[in-house]
Amino acid sequence: MRVWRAAAAVAMGAGLVACGSSRPSPGMVAVAEQSVRFTVDGTTTYGTLDIPAHRGGQRLAAALLLAGSGPTDRNGDQAAAGLEPHILQLIAGVLGRMGIMTLRFDKYFSGQTGAGAFARHPSSIDLAAFVKQAGAAYNFLRAQPAADPRRMLVAGHSEGGMYALLVAESVSPRPAGLALIEPQDERFLSLIQLQTDEQLDAMATQDSITAVTARQNGQAVRQAIADFRAGWPVVTDGMLPSVVSLLTPILLSHVNAAYVRSDDAVYPPGIAARLQPGTRVLVTEGTADQNVPLSTITPLVRTLAAAGTTGPGLRTLSGVNHLLHPSGAANDDQVLAPSAVTALRSWARPFSS
């Protein structure tokens, strides 16, 4: 979960442009992939609406798909960084084959949407702006003629899982189901600390640094995070260059400061406690996920159960990493691990058409 480094009035006169379709059978509406756009606070947001084949007049379950952190686009890719696993596009395909329509969009600072209204003042964006944009996308999807407002769903990957929890309490009607896919389950900087500790431990195990150096750098990172949270200057003197490089966009960037502070203020289990009872929830946790380790998921899962949610709950995916790849897959492999597909289908089955 790399830091980035996203309900206002929505322009419902948004454009719909068919990109692909197939010849329908009599009485059927053909499968379609449409380029769509809607406006939030002066920014035109661009996305893709996938509608499965269905009977004329039939209402379909509709899922909003939310991308992870950084400039991750509607497909779940960071093209500028050469990372194109197509996570969200593949999830849309899994749900589409079950008769569930989906919307995925380019959030702020990604894809066709770009910086939008924040172009001149990127440092002013915070978590609330991204959640507002996602809420507008939910409302846009709900208003589609084929969408069933009683079967609205939200699925978020990585940081998008936290967004899903926040969107769920801000929209109406509340979603009937949430899929939290390798979700951010802790305060943001707490996860950064954990990730850094694991990287330092791995370097010490490989004898690239000593155990003393690893311990000293871990302590320095903890102090840097504490100073940032307190509003004090962050000092990186004595840290390994690789650690400074990791922390620079997170703790030392003026442009990212407002976003990092607003993200770090959220404790996902605290949001989960306010979910509507009966919400059908899936939480996936890959055992090979180095971004959101299995050791941090328990408070979120327990809170979801206490809130009265239903559904598959936690599904531990053996050997699966943060990109939902099976063991041995390259980062750019456009494939989902079979166990991840099974988990998604289990969650979505009651909403399938």
Exercise. Give the residue from G96, G82, A143 lying farthest towards the positive end of the charge dipole for region 79-155; charges sit on Cβ (+1 for Lys and Arg, -1 for Asp and Glu) and the dipole is referred to the Cα centre.
Key: A143
Quiz prompt | Whole-Hz ³J(HN,Hα) from phi, Karplus 6.51 cos²θ - 1.76 cosθ + 1.60, for region 28-37, glycine and proline x | solution = 10, 9, 5, 4, 8, 10, 10, 7, 10, 8
Quiz item: For region 224-353, with the dipole built from +1 on Lys and Arg beta-carbon atoms and -1 on Asp and Glu ones, taken about the Cα centre, which of N331, P293, G313 lies farthest toward the positive end?
Solution: G313
Quiz item: How large, in percent, is the carbon and sulfur part of the accessible surface of the chain at a probe radius of 1.4 Å?
Solution: 52 percent
Quiz item: When you count, for each residue, the other Cβ atoms within 10 Å and take the mean per peptide, how do 96-107, 323-334 rank with the highest first?
Solution: 96-107, 323-334
Quiz item: Which value, in debye to the nearest 20, describes the size of the charge dipole of the chain about its Cα centre when Lys and Arg Cβ atoms bear +1, Asp and Glu Cβ atoms bear -1, and nothing else is charged?
Solution: 1440 debye
Quiz item: Let a ≥ b ≥ c be the square roots of the eigenvalues of the Cα gyration tensor of region 183-271; is it rounded (a/c under 1.5), or, if not, prolate (a/b larger than b/c) or oblate?
Solution: oblate
Quiz item: Non-local amide H neighbours of R315 (under 5 Å, H modeled in plane, Pro and chain starts lacking H): which ones?
Solution: V283, T284, E285
Quiz item: Any idea of the accessible area per residue across the chain, 1.4 Å probe, to the nearest Å²?
Solution: 41 Å²
Quiz prompt | Value of [θ]222 nm, deg cm²/dmol, for the chain, DSSP H segments ≥ 4, -39500 (n - 2.57) each, nearest 500 | solution = -10500 deg cm²/dmol
Self-check item: For L60, residues with placed amide H under 5 Å, excluding near neighbours
Solution: A147, D148
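The values are calculated or read from the model by the stated rules, or taken from the named source; none is laboratory data. Quick caveat, the model's predicted, so the values are computed rather than measured. Positions of Cβ are backbone-derived with ideal geometry, glycine not excepted, and every protein chain shown enters the neighbour counts. For the accessible areas, the whole protein counts, side chains as well, though only heavy atoms, and no ligand, DNA or RNA atoms are used. Shrake-Rupley method; radii C 1.70, N 1.55, O 1.52, S 1.80 Å.
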